[in-house]
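Colleague: Following this message is one structure expressed as structure tokens.
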């Protein structure tokens, strides 16, 4: 008679703990790390949001590729990052190392230059929103 009651209590405590953990991890994640695409991710810091690269999935923290990121979008094979009112950078999605990401970086570009580059590479300027913005 006491065993089913103890089992229900244990299950209830386990469910409550798991729920609390998931909610607290979401709401109290101070760095607010968001995977964007490939090995790119954004993380908040005191001055705003930065674009980062991770070499190792188990250790995602690294130096920022760009500070003060305002928006991220996907354009075919590039991650498009807006860092100012009209300033953009393009990073290759297929990069497998941080050196490839930095060497393949295109920019800074004005919006019209970025659109012209996308037209030149792919024939359109279609961008899809991605990230926490």
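Colleague: In the set 5, 22, 9, which member is outside the structural domain of residue 64 (by TED's automatic domain parsing), surrounded by 10 or more Cβ atoms within 10 Å (Cβ to Cβ) and modelled with pLDDT of 65 or more?
Modeller: Working: 5 fails: surrounded by 10 or more Cβ atoms within 10 Å (Cβ to Cβ); 22 fails: modelled with pLDDT of 65 or more.
9 is the lone residue from the list that is outside the structural domain of residue 64 (by TED's automatic domain parsing), surrounded by 10 or more Cβ atoms within 10 Å (Cβ to Cβ) and modelled with pLDDT of 65 or more.
Colleague: Taking segment 109-128, which residues are exposed (fewer than 15 other Cβ atoms within 10 Å of the Cβ) and under 20 Å from residue 95 (Cα atoms)?
Modeller: Matches in segment 109-128: 121, 122, 128.
The values are calculated or read from the model by the stated rules, or taken from the named source; none is laboratory data. In this text, all values refer to a predicted model and were calculated from it rather than measured experimentally. Note that each Cβ is placed from the backbone with ideal geometry, even for glycine, and that neighbours are counted across all protein chains shown.
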